[in-house]
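Please find one structure pasted underneath; my questions will follow.
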C-alpha cells in the first residue's frame with residue numbers, strides 16, 4: 001500500500017547540512033513507491049525547490065501565519081511559502097499547541113489561509129496522557145477536528161490531511177513519560193477521525209480523507225506501524241534527521 005511519509009525537521013539543521021541531506025535523500029528515494037514530503041525550517045525552503053527539483057521528494061513548511069500580509073514581524077505568510085515552491089504546510093502540531101499555546105480557533109484560521117494560498121494542509125490532532133487516562137481521548141480529538149475544520153467546505157478537504165499524534169507517545173514531549181501505542185489504538189483513532197469527517201461532511205469525505213500517524217516512529221518500529229492498513233502514512237520527527245534511516249523508511253513496501 002502506497003503511503004504518504006512526511007518528515008518534520010523541527011528546528012534542526014543549518015543550510016549547509018540540509019543541502020547534503022537533501023541531495024542524498026533525492027538520490028536514495030528514486031525507487032520509492034511512497035510519497036515523500038520534507039518539512040524543513042523556513043530558511044531552507046528556497047533551497048529545497050532547487051535540491052528536490054526533478055526528484056520524487058516534495059516539500060512543505062512547518063507552520064504559517066494566520067495573516068495574509070502586513071505588520072506582523074517575524075511571521076511567514078502562506079503566499080511566501082507557496083512562492084518558495086512548497087506544496088504542503090503542517091498546522092496545529094503539538095509543539096505549536098503546547099509551547100506557543102495555539103488554539104483550535106487560530107489553527108482554523110491558519111487552515112483557511114493555507115487553503116486560500118493553494119497549499120495542502122497536514123492538520124495535527126491528538127490528546128495528552130491525562131485526557132487519554134480520563135477516557136476522553138476520542139471526544140477530545142473529535143472536537144479538535146470539528147473546531148479546526150469549522151467553515152471548511154467539503155471540496156476543500158481534498159487538500160487536507162489529518163495526522164493523529166498522541167502527545168503522550170511523542171518522545172520529544174518532556175511534560176509526560178512517553179508510552180508506546182499499539183496498532184489497535186492507532187486503528188481505533190483512525191476510525192474515530194474518519195467517522196467524524198463522515199458525520200460533519202459525507203461518507204465519501206470520510207472514506208477519502210487521508211489519516212497519518214505521528215508518534216515516535218523510527219527505524220525499529222516503522223514496518224509494524226506503517227503496515228497498518230488503517231493509516232495512510234506518517235509524520236516522522238527525530239528519525240527523519242538520519243538520511244539513511246529515513247530513506248529506508250521511505251523505500252519500504254507497506
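The conditions are (1) crowded, with 18+ Cβ neighbours inside 10 Å; (2) more than 14 Å from the chain's Cα centre (by Cα); (3) not in a helix (DSSP H, G or I), and residue 90 fails exactly one of them. Which is it?
So residue 90 meets the others, but not (2).
Just the residues that are in contact with a helix residue (DSSP H, G or I) (Cβ under 6 Å, 6 or more places away or on another chain) and modelled with pLDDT of 95 or more, please, taken from region 166-216.
192, 194, 196, 197, 198, 201, 205, 206, 209, 211, 213
Going residue by residue through region 116-136, is there one that turns out to be surrounded by 19 or more Cβ atoms within 10 Å (Cβ to Cβ), more than 19 Å from the chain's Cα centre (by Cα), part of a helix (DSSP H, G or I) and touching a residue at least 24 places away in the same chain (Cβ under 8 Å)?
Checking region 116-136: at least one residue is surrounded by 19 or more Cβ atoms within 10 Å (Cβ to Cβ), more than 19 Å from the chain's Cα centre (by Cα), part of a helix (DSSP H, G or I) and touching a residue at least 24 places away in the same chain (Cβ under 8 Å).
Another one. For residue 49, all conditions in the list (1) surrounded by fewer than 20 Cβ atoms within 10 Å (Cβ to Cβ); (2) over 28 Å from residue 75 (Cβ atoms) hold save one; what is the number of the exception?
In the conditions (1) surrounded by fewer than 20 Cβ atoms within 10 Å (Cβ to Cβ); (2) over 28 Å from residue 75 (Cβ atoms), residue 49 misses (2) alone.
The values are calculated or read from the model by the stated rules, or taken from the named source; none is laboratory data. All of these numbers come straight from a predicted model, not from anything done at the bench. Cβ sites come from the backbone with ideal geometry, for glycine too, and all protein chains shown count toward neighbours.
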